[in-house]
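This report refers to the structure that appears directly beneath it.
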Amino acid sequence: MKGAHSKVALVTGASGIQGLSLLKAFSKQDDWSAIYAVARSDIPLSSKTHKLALDLDDKEALRKSLEGDIGRSVTHVFHLAFSGDTTNVDQTTFVWMKNVVEILEELEAPLVHVYFTQGQKYYGVHMGNWDIADVPWKDEPLTGNRHLSANFYYAQEDWAIERRSQGAKWTWSALRPGAILGYSLGSMNMVNLIAVYGTLCKERNVAFRFPGAPQSFNCLFDSTDADLISECVLWLIDTPTAQDNAYNISNGDVFRFSQIWPGLAQWFGLKTGMPRQLPLRDFFPAQEALWKQTQKKHSLKDTKLEKLTNPPFADFAFNLPLDSFADVTKLRKAGFNGQKLWTEENYIRYLDELATRNIIPNYPKLRGEAKASS
């Protein structure tokens with residue numbers, strides 16, 4: 001590879017919470033000559049960022065789409081696409097990654113690194129009650145601490161390890177965040193859930209009660225800023241000693257919702273109350289009329305309620321039965337020192353962004369205007 005602009009990225013799932021953050025991170029660096037972003041929804045484009053529509057299931061169609069300049073230039077694959085199977089049993093997400101990498105190899109792309117995303121489902125948190133003695137979740141040894149059921153995270157990791165043992169010239173890396181906080185209008189985003197839930201409470205003028213189990217209100221959790229993940233991903237691809245490995249990552253703190261809930265309530269200008277468990281799979285769809293009224297009242301963008309919320313995910317996220325957080329020592333020892341964030345501040349930051357983007361009302365600003373005019 002020659003010249004200052006030698007890196008070329010292919011990003012799958014570019015319109016998701018991690019993809020949008022990574023595109024933003026690319027825009028701040030000068031050493032990427034092109035970013036090919038695979039997405040179905042709108043994404044921010046630039047002179048270097050090009051949107052692609054690829055059929056990741058069909059290898060022949062994929063080969064035809066990548067032949068030519070793209071196939072001859074991609075140096076880094078960032079596989080962020082997700083099939084939507086929240087059980088992680090379905091292997092589609094893994095097959096997509098395998099198809100992309102194998103086609104690029106056939107086209108003799110100068111591939112040097114493959115990044116793929118994992119998460120705490122690696123440790124079985126989606127399967128219900130776990131042994132509290134296993135928490136914090138450990139990422140060492142690399143393939144240790146797996147649960148017994150099928151999981152596409154394992155398939156991706158095992159395939160990458162095997163390919164390297166067979167002489168693949170590219171290296172690989174993966175991160176295992178907990179709940180990811182960031183900007184995206186898709187579902188499985190805790191910021192969106194709290195943003196919509198808080199807005200509905202505010203418009204009904206009711207207390208901002210934790211909508212999950214009282215037990216979960218006091219469990220210890222961690223979260224990870226999407227921008228921190230992007231920062232770490234770009235560090236990984238330039239740090240050979242940290243490659244061919246997977247790492248837990250978090251903001252660096254652990255928290256209880258009972259600790260951060262008052263600060264979130266303050267953003268909406270609401271009082272808190274005792275937790276009151278709501279079946280959110282029933283609650284959110286029943287609020288469609290109020291959501292539309294709120295959008296009209298505050299001149300918000302017409303963002304569908306179903307796009308912002310994922311009720312089954314919400315019921316899962318607010319009702320975890322035990323502590324669930326990761327040990328991030330391995331990543332720190334590898335040399336990445338960015339895990340220095342307070343999760344409560346992280347939530348507030350992204351609530352501010354949703355308000356600035358006119359997705360939810362800007363309640364702090366409205367309170368300031370009301371106070372100034374009184």
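The values are calculated or read from the model by the stated rules, or taken from the named source; none is laboratory data. Everything numeric here is computed off the predicted structure, so don't read it as measured data. Positions of Cβ are backbone-derived with ideal geometry, glycine not excepted, and every protein chain shown enters the neighbour counts.
Output the residue which, of all residues in the stretch 185-211 that are of a type outside the set (A, V, I, L, M) and modelled with pLDDT under 95, is farthest from residue 273 (Cα to Cα). Break it down stepwise before answering.
Step one: list which residues in the stretch 185-211 are of a type outside the set (A, V, I, L, M), which gives 186-187, 189, 192, 197-199, 201-205, 208-211.
Restricting the remaining residues to those that are modelled with pLDDT under 95 gives 186-187, 189.
Values: 186: 29, 187: 26, 189: 24 Å.
Going through the qualifying residues, I end up with 186.
Within the stretch 265-281, can you find the residues that are charged (D, E, K, R) and closer than 25 Å to residue 345 by Cβ? Spell out how you get there, then give the answer.
Of all residues in the stretch 265-281, those charged (D, E, K, R) come to 271, 276, 281.
Hit for the stretch 265-281 is 271, nothing else.
Evaluating residue 206 against the criteria (1) of a type outside the set (Ser, Thr, Tyr); (2) surrounded by 17 or more Cβ atoms within 10 Å (Cβ to Cβ); (3) in a loop (DSSP other than H, G, I, E, B) leaves one unmet condition, (2). Taken together, the residues in the stretch 233-255 that are of a type outside the set (Ser, Thr, Tyr) and outside any helix (DSSP H, G or I) amount to 13. If you go through the stretch 49-65 and keep only what is crowded, with 17+ Cβ neighbours inside 10 Å and in a loop (DSSP other than H, G, I, E, B), you end up with 54, 56. Before we move on, is residue 26 in contact (Cβ under 8 Å) with a residue 24 or more places away in the chain, under 25 Å from residue 228 (Cβ atoms) and of a type in the set (Phe, Trp, Tyr)? So residue 26 does not fit the description; no.
Checking the conditions here, which among 173, 216, 149 is touching a residue at least 24 places away in the same chain (Cβ under 8 Å), buried (at least 18 other Cβ atoms within 10 Å of the Cβ) and more than 21 Å from residue 257 (Cβ to Cβ)? Show your work before the answer.
Values: 216 fails: more than 21 Å from residue 257 (Cβ to Cβ); 149 fails: buried (at least 18 other Cβ atoms within 10 Å of the Cβ).
The unique qualifying residue is 173.
Filtering the stretch 301-344 to residues that are farther than 29 Å from residue 236 by Cβ, in contact with a helix residue (DSSP H, G or I) (Cβ under 7 Å, 6 or more places away or on another chain) and touching a residue at least 24 places away in the same chain (Cβ under 8 Å) leaves 305, 308, 309, 311, 312, 314, 315, 318, 319, 321, 322. The sole residue among 258, 230 that is assigned to a helix (DSSP H, G or I), small (Gly, Ala, Ser) and without any contact (Cβ under 8 Å) to a residue 60 or more places away in the chain is 258. Restricting the stretch 66-95 to residues that are more than 18 Å from residue 13 (Cβ to Cβ) and surrounded by 15 or more Cβ atoms within 10 Å (Cβ to Cβ), which is modelled with the lowest pLDDT? The selected residue is 71.
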